[in-house]
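Encoded as structure tokens, the structure appears first; notes follow it.
Nothing in this text is a laboratory measurement; each read-out follows from the coordinates by a stated rule. This is a predicted model, so every value here is computed, not measured. For neighbour counting, all protein chains shown are included, and Cβ atoms are generated from backbone atoms with ideal geometry for every residue, glycine included.
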């Protein structure tokens, strides 16, 4: 199919599309940005190849879709607080190999992220994406009735461990706890643009479902987490240098495969501020 003269190829029946014939080094304009955002909402993640962008061009592209987020814990590119620097090598093994939506511990989690590959391993380091609207649609009515209206608590737990390992004092970590208290979000989120429902809990940050005893909450969460791992809802992206992935964080989850150690994988991510899930 064509999108404003750009070739679009779907990656799988339910999620993902690759856009060819677009040069993101050049201004795309409001009309093209709107078309890209509409396709993003439909396909959950968009891929672009051979985009040798400067940092400024990366930021300019992202700003078409909203204001940009500064991550409070993860390292940024020097001089660019909105650019997350993600580097893994023999001294730093990739640990993003868990299904998740980004920063759901925020009161207003990200709308989406635009990740660019600078250096990639010769083999491995793929990223998987899952359509959590489709994962919700296929649930039994009994499960839908149980989770519609339920609320889950999210926390930045593993970042707390990272802060401790980096030498932050208990007092400094407690200050982060006060600044970023646990967030409550619906277990089933309604997308603000298409009105569709999706599963909005994830293994990385969700702690428990309110109003349930811990055993019941844990069992239900494990069932819901497993929906992202069903291949029918997924696509898998093989990175190349200058590849870009742009995902809708409101209705998808992703999993960065950590199978390339000790090789180098260097990426930069720009993230768009979202809104409070409902």
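Structure notes:
- Gain upon complete extension [residue 54, residue 32; 0.36 nm per residue less C-alpha separation]: 5.9 nm
- Modelled FRET efficiency - R0 51 Å, residue 25 with residue 190, Cβ distances, 0.05 increments: 0.90
- This ranking places 261, 239 by how few other beta-carbon atoms lie within 10 Å of each, fewest first, which gives 261, 239.
- Region 1-136 shape via C-alpha gyration tensor axes, a/c threshold 1.5: rounded
- Remark: C-alpha extents of the chain on the principal axes read 53, 47, 34 Å, sorted largest to smallest.
- From least to most packed, judged by other beta carbons within 10 angstrom and beginning with the fewest, 203, 67, 44, 179 follow the order 179, 67, 203, 44.
- Simple label model, 7 Å out from Cα along Cβ direction - residue 257 to residue 150, nm: 3.1
- When the Gaussian network model of the chain links Cα atoms closer than 10 Å, the mean-square fluctuations of 54, 18, 87 top out at 54.
- Spin-label zone in region 35-49 - amide nitrogen under 17 Å from a point set 7 Å from the Cα of residue 7 along the C-beta vector: 47-49
- Structural descriptor for the chain: relative contact order 37 percent, calculated from alpha carbon pairs under 8 angstrom and at least 6 residues apart.
- Exposure proxy for 201, 41, 188: other Cβ atoms within 10 Å of each Cβ, ordered fewest to most, give 41, 188, 201.
- Whole-number percent relative contact order across region 1-130, with pairs defined as alpha carbons under 8 Å at least 6 apart: 17
- Contour excess over end-to-end distance, with Cα ends at residue 218 and residue 168 and 0.36 nm allotted per residue: 14.9 nm
- Alpha-carbon centroid distance for the pair region 256-272 / region 97-158, whole angstrom: 17
- Rounded Å value of the spacing that divides the Cα centres of region 227-251 and region 26-92: 15
- Per-residue ellipticity at 222 nm computed for the chain from its helices equals -7500 deg cm²/dmol, with DSSP H segments shorter than 4 residues left out and the rest contributing -39,500 (n - 2.57).
- Computed over the alpha-carbon atoms, region 118-258 gives an Rg to Rh ratio of 1.02, Rh here being the Kirkwood radius from the mean inverse distance.
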